[in-house]
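What follows is a set of notes on a single structure, which appears directly below.
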Amino acid sequence: QVQLVESGGGLVQPGGSLRLSCSASGSIFSIYTMAWYRQAPGKQRELAAGITHRGDTNYADSVKGRFTISRDNDKRTVYLQMNSLKPEDTAVYYCNVGTSVGAYWGQGTQVTVSS
């Protein structure tokens, strides 16, 4: 059984910053790609950022230059540093982790950008 625990969401004003964390635990031999997806009300879930086990990253065009994804393999944790937040970044953010025993989703954390 694999568990993902997310934290760091909340309410922030436009232009502000938040840092999301997602930690994996359980019977995991290897962790491959780690990623953050987001789903805004009435929209489909979309990839915000991903990072491979080697540290290669990719970002949605809408977050490039503002978001930074990183990982700590020893802690089995992935981070998403979000700067210069905009109201359109408001969404539920989900962690996704690909492991040697399958792919898993976190429970989601709400990010609201509003004045």
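Worth a mention:
- For Arg66, the criteria (1) at pLDDT 95 or above; (2) in contact with a His (Cβ under 6 Å, 6 or more places away or on another chain) hold in every case but one, which is (2).
- Of the residues making up region 44-58, those that are in contact (Cβ under 8 Å) with a residue 40 or more places away in the chain and open to solvent by 70 Å² or more (accessible area, probe 1.4 Å) number 1.
- Positions within region 97-115 being open to solvent by 40 Å² or more (accessible area, probe 1.4 Å) and touching a Cys at 6+ places or on another chain (Cβ under 8 Å), in sequence order: Trp105
- Taken over region 19-29, the residue count meeting the criterion of being open to solvent by less than 30 Å² (accessible area, probe 1.4 Å) and either in contact (Cβ under 8 Å) with a residue 60 or more places away in the chain or over 15 Å from Ser70 (Cβ atoms) (or both) is 4.
- Qualifying residue in region 98-114 (condition: among the aliphatic types (A, V, I, L, M), under 10 Å from the mean Cα position of the chain (by Cα) and within 14 Å of Gly8 (Cβ to Cβ)): no
- Residue within region 33-41 that is surrounded by fewer than 15 Cβ atoms within 10 Å (Cβ to Cβ), among the hydrophobic types (A, V, I, L, M, F, W, C) and assigned to a loop (DSSP other than H, G, I, E, B) present: yes
- Long-range neighbours under 9 Å by Cβ, at least six apart or interchain, first residue more than 17 Å from Pro41 (Cα to Cα) within region 67-94, second among the β-branched types (Val, Ile, Thr) and open to solvent by 60 Å² or more (accessible area, probe 1.4 Å): Thr68/Thr57; Ile69/Thr57; Ser70/Thr57; Tyr79/Thr68; Leu80/Thr68; Gln81/Thr68; Met82/Thr68; Asn83/Thr68
- Scanning region 59-96 for residues that are hydrophobic (A, V, I, L, M, F, W, C) and over 13 Å from Ala35 (Cβ atoms), we see that the one that is most open to solvent (accessible area, probe 1.4 Å) is Val92.
The values are calculated or read from the model by the stated rules, or taken from the named source; none is laboratory data. Please read these numbers as outputs of a predicted model, since none were measured by experiment. Methodologically, a virtual Cβ is constructed for each residue, glycine included, from the backbone with ideal geometry; neighbour enumeration extends over all protein chains shown. For the accessible areas, the whole protein counts, side chains as well, though only heavy atoms, and no ligand, DNA or RNA atoms are used. Shrake-Rupley method; radii C 1.70, N 1.55, O 1.52, S 1.80 Å.
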